[in-house]
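Shown next, in structure tokens, is the structure this report addresses.
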């Protein structure tokens, strides 16, 4: 069991089985770690904003850096029109970041290593961005699928290609996060298994790899949360300022 | 009072710094591995979506296997389009 690198991804029920209309909504370890991440975010941000000093203490400084980081990212990629969506992108980034980081703790469960979690996030973003686009531009939003300067003969084909390209957004967004997290954690577990099986004599090499990989994984955890958020900004930019 | 004046000048300096940094747009784009992976998923996702659309339409219209073949190729084209767009965006960022 311990040597199976995929064992860490298994979802199991905690507490009683809850079923509503045939749908199993029992509390699992995945939901537990989502709750842990959400509570950690609330604690972190409420601690950071408790004292509003002119000269910030460490917690306040951290949350201010986080705020500035996202604000700058949004204004850089999506322009000033995207300001109203700051709360959404901020919570999205912080949630993905904390889920990834909580997953780096030993004995924990990485929520974002399950495609269903990332896909639901991505589909939600996709639908929200589409609705925003239609609200802002009406049916003019469909111009996104009809690029200008294309010969009429090729237009139907190009439109189909554009539609598929648009539909592939949530897939690439979710698969990227999920694959990165799952591959990284599997690799860590595999190298951990090598340490055990090679024992005291040969186990030092995989152990050092394991240490290096942990550092890399923390980088990937941050980077993927960043990529997830910045792509949301780019999609939002497409919807707000219609141009191709 | 003096402290306040000092703070004001420092605020001014910080604000001007913020302005100059945002105009030069010398943003770090993360690691190269990340961008390579980004392009890879971009290509694969469009091919997968195209194939799935072809499969669904095939079962609707009972035209197996023609639409899945056509949509596989259209999906590949969409994937390449995605890759070109992502690469262009990366170039603009640098």
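Data table
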{"quantity": "FRET efficiency, residue A:242 to residue A:57 (Cβ-Cβ, R0 41 Å, nearest 0.05)", "calculated": "0.40"}
{"quantity": "Candidates A:173, A:198, A:216, ranked by Gaussian network fluctuation over chain A, Cα under 10 Å, top entry", "calculated": "A:198"}
{"quantity": "Residue B:6-residue A:12 FRET efficiency (beta carbon distance; Förster radius 56 Å; 0.05 resolution)", "calculated": "0.40"}
{"quantity": "Debye log10 I(q)/I(0) at q = 0.15, 0.16, 0.30 Å⁻¹ for the range A:88-132, Cα point scatterers", "calculated": "-0.43, -0.48, -1.08"}
{"quantity": "Euclidean distance of C-alpha centroids, the range A:75-142 and the range A:180-244, integer Å", "calculated": "19 Å"}
{"quantity": "Förster radius 56 Å - calculated FRET efficiency between residue A:26 and residue A:154 (Cβ-Cβ, nearest 0.05)", "calculated": "0.60"}
{"quantity": "Net length gained if the chain between residue A:65 and residue A:136 were fully extended (0.36 nm per residue, minus Cα distance)", "calculated": "22.4 nm"}
{"quantity": "Full-stretch length increase - residue A:201, residue A:128 - with 0.36 nm per residue and alpha-carbon distance subtracted", "calculated": "20.7 nm"}
{"quantity": "Nearest 10 degrees, 0 to 90: helix A:86-103 Cα axis against chain A principal axis", "calculated": "20 degrees"}
{"quantity": "Most mobile of A:82, A:229, A:128 in a GNM of chain A (Cα contacts under 10 Å)", "calculated": "A:128"}
{"quantity": "Least to most buried among A:52, A:83 (fewest other Cβ within 10 Å first)", "calculated": "A:52, A:83"}
{"quantity": "Gaussian network model of chain A, Cα within-10 Å springs - most flexible of A:91, A:208, A:108", "calculated": "A:208"}
{"quantity": "Nearest 10 degrees, 0 to 90: helix A:58-78 Cα axis against chain A principal axis", "calculated": "30 degrees"}
{"quantity": "With Cα atoms, 0 to 90° folded angle of helix A:29-48 axis to chain A main axis", "calculated": "80 degrees"}
{"quantity": "Diffusion coefficient, µm² s⁻¹, Stokes-Einstein with Kirkwood Rh over alpha-carbon pairs of the range A:7-240 at 37 °C and 0.692 mPa s", "calculated": "160 µm²/s"}
{"quantity": "Paramagnetic reach from residue B:88 in the range A:199-240 [backbone N under 19 Å; point 7 Å along Cα→Cβ]", "calculated": "A:231-240"}
{"quantity": "Quotient of C-alpha Rg and 2.2 N^0.38 Å, computed over the range A:1-40", "calculated": "1.42"}
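No lab work stands behind these numbers, since they all come straight from the coordinates. Treat the numbers as computed from the prediction; the structure is a model and nothing was measured. Positions of Cβ are generated from backbone atoms using ideal geometry, with glycine treated the same way; all protein chains shown enter the neighbour counts.
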